[in-house]
1. So if I check each of Arg185, Arg219, Arg232, which one is farther than 19 Å from Pro121 by Cβ, charged (D, E, K, R), open to solvent by 30 Å² or more (accessible area, probe 1.4 Å) and touching a residue at least 12 places away in the same chain (Cβ under 8 Å)?
2. Pairs, please: C-beta under 6 Å, at least 6 apart or cross-chain, first residue open to solvent by less than 50 Å² (accessible area, probe 1.4 Å) and in the range 290-314, second modelled with pLDDT of 75 or more and not in a helix (DSSP H, G or I)?
3. Being touching a Phe, Trp or Tyr at 6+ places or on another chain (Cβ under 9 Å), closer than 17 Å to Gly162 by Cβ and either modelled with pLDDT of 85 or more or surrounded by fewer than 24 Cβ atoms within 10 Å (Cβ to Cβ) (or both) is the filter here, so list the residues in the range 235-250 that pass it.
4. Hey, among the residues in the range 114-134 that are in a helix (DSSP H, G or I) and farther than 30 Å from Ser257 by Cβ, which one's most open to solvent (accessible area, probe 1.4 Å)?
5. Do the conditions hold for Gly111, that is, is it at pLDDT below 85 and either surrounded by 15 or more Cβ atoms within 10 Å (Cβ to Cβ) or of a type in the set (Lys, Arg) (or both)?
6. Leu153: in contact (Cβ under 8 Å) with a residue 60 or more places away in the chain, part of a helix (DSSP H, G or I), open to solvent by less than 70 Å² (accessible area, probe 1.4 Å) and farther than 23 Å from Met242 by Cβ, yes or no?
7. Answer yes or no: is there a residue in the range 157-179 that is part of a helix (DSSP H, G or I), at pLDDT below 85 and within 26 Å of Met209 (Cα to Cα).
8. Does the range 36-47 include one or more residues that are crowded, with 16+ Cβ neighbours inside 10 Å, more than 23 Å from Met227 (Cβ to Cβ) and either in contact with a Cys (Cβ under 9 Å, 6 or more places away or on another chain) or modelled with pLDDT of 90 or more (or both)?
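The values are calculated or read from the model by the stated rules, or taken from the named source; none is laboratory data. Owing to the predicted nature of the structure, the values given are computational and were not obtained by experimental measurement. When we count neighbours, we look across all protein chains shown, and the Cβ atoms used for this are built from the backbone with ideal geometry, even at glycine. Heavy atoms of the whole protein, side chains included, go into the accessibility calculation; ligands, DNA and RNA do not. Shrake-Rupley method; radii C 1.70, N 1.55, O 1.52, S 1.80 Å.
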Amino acid sequence: MSSTTEPRPRTTPPQRPGDRVFAGLSRGAALLILATLAGVAIFLAIRGLPGITASPDEVKYGTSFLPYVGPLVFGTLWAAALALLMATPVAIGVALFISHYAPRRLAAPIGYVIDLLAAVPSVVYGAWGMVTLAGAMQPVYAWLEEHLGFIPLFAGPASATGRTILTAALVLAIMVLPIMTAICREIFLQTPRLHEEAALALGATRWEMTTMAVLPYARSGIVSAAMLALGRALGETMAVAMVLSASGVVTLNLISSTNPSTIAANIAHSFKEASGLTVNGLIATGLVLFVITFAVNFAARAIVNRRKDFSGAN
């Protein structure tokens, strides 16, 4: 009885010299990014630790580290949350218009204009917000104080200059809008065509098709886009530093001249005049911002990966 053995199929493709070189370069680039990230974290930790343990008499801000960084963390999260709250519905609406409603001749130019907003330097946004937007918003703040002053958010007194946390949040919202719009647009375009056609075939209007087929499919993508935009807003420095008239307090008032400050803006304002352990304290606040931003981006990446796994399972 004779038996024949079939050759085993090749499990890996042949490795050519170009493939090995490309794989080595890609691996090196990934390791370089990780090394750079670890180097930044180590630098912030080493230089910031003396500022964390310094006594109030050794630093110019005259208090221990936790009471000093607490209002800054609040201001950073508050400004970014306000910006995200304003930018998210606009970004979703613009992305839906470009992907499903606008004619092709109109969708492409609108997409280009939205993408170009990301190329504008933050200092330009800051100058525009400080010179133009703040003055334009001052009458609005006065109206809000007069008619909605019973709400703590608009209790006033309204700022005479318009340089408030709400103005800074508006500038941040415009700055993160291109990121959210671009990601949402690509997610909406990836909606399976059969899902959309099935909804329309059942008699759904275009809006009903959008709410039943497009938005549920893109839900995790929208969340990841919002998280990435939040990471962008958390680390913004110059625009907030130029627009916001900060007092370093904890308050929910949106229209007052007494505003919380953000970590990045506080570092930009204070670093030039700092010396000794005060510098270490400012670096320590940068370490706190690094941890917050890293956590936000890590969460966004986890949501994206979860969506990919879910799509693969289906």
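1. Arg185
2. Pairs found: Thr293/Gly235.
3. Met242, Val243
4. Top of the filtered list is Leu116.
5. Considered against the rule, which asks whether it is at pLDDT below 85 and either surrounded by 15 or more Cβ atoms within 10 Å (Cβ to Cβ) or of a type in the set (Lys, Arg) (or both), Gly111 comes out as yes.
6. On the way: in contact (Cβ under 8 Å) with a residue 60 or more places away in the chain: yes; part of a helix (DSSP H, G or I): yes; open to solvent by less than 70 Å² (accessible area, probe 1.4 Å): yes; farther than 23 Å from Met242 by Cβ: yes.
For Leu153, the condition - in contact (Cβ under 8 Å) with a residue 60 or more places away in the chain, part of a helix (DSSP H, G or I), open to solvent by less than 70 Å² (accessible area, probe 1.4 Å) and farther than 23 Å from Met242 by Cβ - is met.
7. Taking the range 157-179 and keeping what is part of a helix (DSSP H, G or I), we get 165-179.
Okay, now just the ones that are also at pLDDT below 85, so none.
No, every residue in the range 157-179 fails to be part of a helix (DSSP H, G or I), at pLDDT below 85 and within 26 Å of Met209 (Cα to Cα).
8. Yes, the range 36-47 contains at least one residue that is crowded, with 16+ Cβ neighbours inside 10 Å, more than 23 Å from Met227 (Cβ to Cβ) and either in contact with a Cys (Cβ under 9 Å, 6 or more places away or on another chain) or modelled with pLDDT of 90 or more (or both).
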